[in-house]
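What follows draws every value from the coordinates through simple rules; no lab data is involved. This structure is a prediction, so every number in the text was calculated from the model and none was measured. With ideal geometry, Cβ positions are generated from the backbone for all residues, glycine too; neighbour counts draw on all protein chains shown.
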Amino acid sequence: MPPIDYTPRTKLFVIVNAGAGRDDKESTVETIERVLTEAGRACEVALVSDPSRIGQTIHGTIDRAKAENGAVIVAGGDGTINTVAQAVLGSGCAFGALPQGTFNYFGRWHGIPLEIEAATRALLTAELRPAQVGFVNDRIFLINASVGLYPQLLEDREAFKQRYGRGRLNALLAGIATLIRRKHRPLQLTMELDGASRTVPALTLFVGNNPLQMRQVGIKLDRAVDSGRLAAVRLRPVGTMELLWLTARGMLGKLGEEPDVATFSFRRMTVKTSSRPGRRVKVAIDGEVVWLRGPLEFRVADEPLWALLPPPGAAEPPK
């Protein structure tokens, strides 16, 4: 039995990130309130327009949810979902998500509708089920965490998005522009795994916690990720044309077939990017870039995130 008290009458505390997606967020709030109110479900909805106040809103919402035995719901992209999940994990509150971002890997894998009204209605019949959580040091990730080239791709994508707008096509174009314009210095990674240590060169080390994302690019570790492990993808140092070729292979779902891509699964791994302990490392986590002090410890969390998810078979298979 889940260690969380949740019933179909549990009050829902919803946080809406005004910066996620392209929909009018006032309309999003109205839709959420209307659907839940018409269903007789008690709710509070908080719209966060100022990014600097999102932490305050999250912790205040969790405090109220704990006081009323409520559930905490977030409407936003994968990055916002990660931020709220980090605060909810271990709080004793159930967690729910209304996907509103560009890629929505968490929602798509778990069968949560991407349209806001349908996603809100799905909350009314959702079941409390465990969702695997990954950690890199003290930060959780629900989708992925990485070092090297991938964090730079995300930073350039954000700048590209601010100039040209959101969308998967713009994200792809931003990535291609980064691969063409920049020189990419390889890292020397010392990886400690299963009692053994080895130092290897890499352009990027990508650790995945979402079977759908692994499956889409052709990394055949999606079943391992769905069975309590994390997927590691190491890209060996290659030139610009080879990077563009690998990008195309990933789009075709064949990245795992390339000899310059090494893959394996694990439950716990320590990675050193420098011989100097405590040196800060740029890490991409669920679409956001942060700085963490090395060495980096990647691991599967000891406890899952207890999430409100559609019943098995209630949604179409993820694409």
Here the percent of antiparallel bridges among DSSP beta bridges lying wholly in the chain, to the nearest 5, is 75 percent
Over the chain, what per residue volume does the convex hull of the Cα atoms give, in whole Å³? 133 Å³
Going by a ≥ b ≥ c, the root eigenvalues of the Cα gyration tensor, does the range 211-319 fall in the rounded group (a/c under 1.5), the prolate group (a/b larger than b/c) or the oblate group? oblate
Tell me, how many Å apart are the Cα centres for the range 50-128 and for the range 185-226? 27 Å
Rounded if a/c under 1.5, otherwise prolate or oblate - the range 1-61, Cα gyration tensor axes: oblate
Counting other C-beta atoms within 10 Å, and keeping those with at most 16, which DSSP coil trypsin sites (Lys or Arg not before Pro) do you find in the range 245-318? Lys254, Arg267, Arg279
Let me know the charge dipole size of the range 210-318 about its Cα centre in debye, to the nearest 20, where only the beta-carbon of Lys, Arg (+1) and Asp, Glu (-1) is charged. 620 debye
Under 18 Å between C-alpha atoms, the lysine pairs in the chain lying 8 or more places apart or on different chains count 6
